[in-house]
Amino acid sequence: MGIGLAHDFTTFLLFRVLIGAIGASFVITQYHTSLMFAPNCVGTANATTAGWGNLGGGVTQFVMPLVFAMFVTTLGFSQAIGWRLSMVVAGAVCALAGVAYYFLTQDTPEGNFRELRAAGKLCRKSAQGTFLEACRDHRVWALFVVYGACFGIELTINNIAVLYFVDYFDAFKQMDSVAALKTAGLVASMFGLMNIFARTLGGAFGDRFGQRWGLSGRVKWLFIVLFCEGLALMLFSKMSVLALAIPSLILFSLFVQMSEGATFAVVPFVNRRALGSVAGIVGAGGNVGAVLGGFLFKSPALDWSTALFILGAAVTV
């Protein structure tokens with residue numbers, strides 16, 4: 001909501017940085033589901049909760065332009081004010097979700113941490129100690145890089161998808177600006193909407209591989225989907241016809257989201273004592289990957305299709 005109320009670049013930047021704190025809610029979710037579900041299905045649980053979280057990115061691609069259009073065309077606000085009011089609506093939805101989460105959940109299957117500590121069923125442990133323990137494990141940093149190569153890429157695509165279609169495909173250049181944004185938003189939303197099932201698939205297959213071959217099986221599955229994700233991104237980057245770009249985007253979306261699910265099918269088995277710290281470090285890898293990937297799209301020497309190809313090659317490697 002602060003974005004919609006910002007009055008200069010400094011306040012806009014401040015609120016934009018603060019929005020980054022929402023990444024902590026993802027880590028809390030993965031920690032929470034890892035506590036609530038058994039080892040034979042924890043990958044599926046983590047993947048489903050995270051996938052439906054990411055689904056919000058796909059829904060946003062077509063809902064926000066519709067909300068914007070409602071303010072502009074139906075209610076008569078200017079385009080500048082329409083975007084501001086749209087951000088206020090999105091902020092209100094986030095706030096209500098936070099209130100619901102506080103009142104409608106418990107910390108573990110046995111009850112809340114406060115109650116368990118009062119009953120002597122839960123000992124206090126040092127958060128600093130478990131965090132340092134996680135930091136010393138090279139596997140955690142390997143997953144940090146891996147998650148940057150999947151969720152970081154998804155964040156990057158969510159950020160640029162609508163503008164990429166509008167600027168690089170002739171079908172959108174023939175429309176007026178509002179119609180082009182609405183239509184491109186609908187096309188781009190297909191990428192995020194795959195989260196309805198794709199990330200769950202990654203976690204479910206991770207559980208299957210894990211039941212058969214243990215942690216090694218989960219890691220092998222992660223390799224397969226991550227490798228295919230890189231190839232699919234390179235394929236999408238070479239598409240210049242909309243009818244071919246859409247199916248290649250969907251194929252790429254399938255693999256990137258299965259990679260994310262496969263990553264957090266591994267996380268609960270790295271270090272149970274430091275589970276929250278491991279989830280936090282790995283989750284941060286996605287944001288770091290998005291920041292690094294974003295630099296490619298700011299370079300005047302690269303068009304966006306070349307930047308996407310380079311990202312695909314990096315993921316494959």
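Only residues that are modelled with pLDDT of 85 or more, over 12 Å from the mean Cα position of the chain (by Cα) and among the aliphatic types (A, V, I, L, M): list them for the range 149-193, please.
Correct list: I160, A161, V162, L163, V166, A184, V187, A188, M190.
When the range 208-249 is examined, which residues are found to be among the polar types (S, T, N, Q), assigned to a helix (DSSP H, G or I) and open to solvent by 70 Å² or more (accessible area, probe 1.4 Å)?
Q211
Of the numbered conditions (1) of a type in the set (G, A, S); (2) free of Cβ contacts under 8 Å to residues at least 24 places away in the same chain; (3) assigned to a helix (DSSP H, G or I), S253 satisfies every one except a single condition; which is it?
Exception for S253: condition (2).
Can you name the residue in the range 9-50 that is more than 24 Å from A265 (Cα to Cα) and among the polar types (S, T, N, Q) and, of all such residues, is surrounded by the fewest Cβ atoms within 10 Å (Cβ to Cβ)?
Going through the qualifying residues, I end up with T10.
What helices (runs of 4 or more DSSP H) completely inside the range 1-102 contain at least 2 residues that are closer than 25 Å to L193 by Cα and out of contact with any strand residue (DSSP E or B) (no Cβ under 9 Å at 6 or more places or on another chain)?
Answer list for the range 1-102: 9-19, 23-36, 42-69.
Checking the conditions here, which among E154, E110, E133, E115 is in contact with a helix residue (DSSP H, G or I) (Cβ under 8 Å, 6 or more places away or on another chain), surrounded by fewer than 16 Cβ atoms within 10 Å (Cβ to Cβ) and charged (D, E, K, R)?
Within the list E154, E110, E133, E115, the selection yields E110.
Check the range 189-206 and report whether any residue there is farther than 28 Å from K298 by Cα, open to solvent by less than 70 Å² (accessible area, probe 1.4 Å) and of a type in the set (D, E, K, R).
Among the residues of the range 189-206, at least one is farther than 28 Å from K298 by Cα, open to solvent by less than 70 Å² (accessible area, probe 1.4 Å) and of a type in the set (D, E, K, R), which makes the answer yes.
When the residues of the range 73-105 are filtered to those that are hydroxyl-bearing (S, T, Y) and open to solvent by 70 Å² or more (accessible area, probe 1.4 Å), which remaining residue is nearest to the chain's Cα centre (by Cα)?
Here the residue is Y101.
Inspect all residues belonging to the range 247-267 and state whether any of them is farther than 26 Å from Y31 by Cβ and more than 18 Å from the chain's Cα centre (by Cα).
For the range 247-267, residues farther than 26 Å from Y31 by Cβ and more than 18 Å from the chain's Cα centre (by Cα): present.
Taking helices (runs of 4 or more DSSP H) that do not extend beyond the range 129-199, which have at least 3 residues that are touching a residue at least 40 places away in the same chain (Cβ under 8 Å) and under 22 Å from G51 (Cα atoms)?
The helices (runs of 4 or more DSSP H) meeting that bar are 138-148, 151-168, 177-193.
Would you say I3 is open to solvent by less than 60 Å² (accessible area, probe 1.4 Å), modelled with pLDDT under 90 and over 30 Å from F209 (Cβ atoms)?
yes
Report, by residue number, each residue of the range 278-315 that is surrounded by fewer than 17 Cβ atoms within 10 Å (Cβ to Cβ) and in contact with a Lys or Arg (Cβ under 8 Å, 6 or more places away or on another chain).
S305, the sole residue that qualifies.
The values are calculated or read from the model by the stated rules, or taken from the named source; none is laboratory data. Remember, it's a predicted structure, so these values are computed and weren't measured experimentally. Every residue, glycine as well, gets a Cβ built from its backbone with ideal geometry; the counts of neighbours run over all protein chains shown. Areas reflect the complete protein model, heavy atoms only, side chains present, ligands, DNA and RNA absent. Shrake-Rupley method; radii C 1.70, N 1.55, O 1.52, S 1.80 Å.
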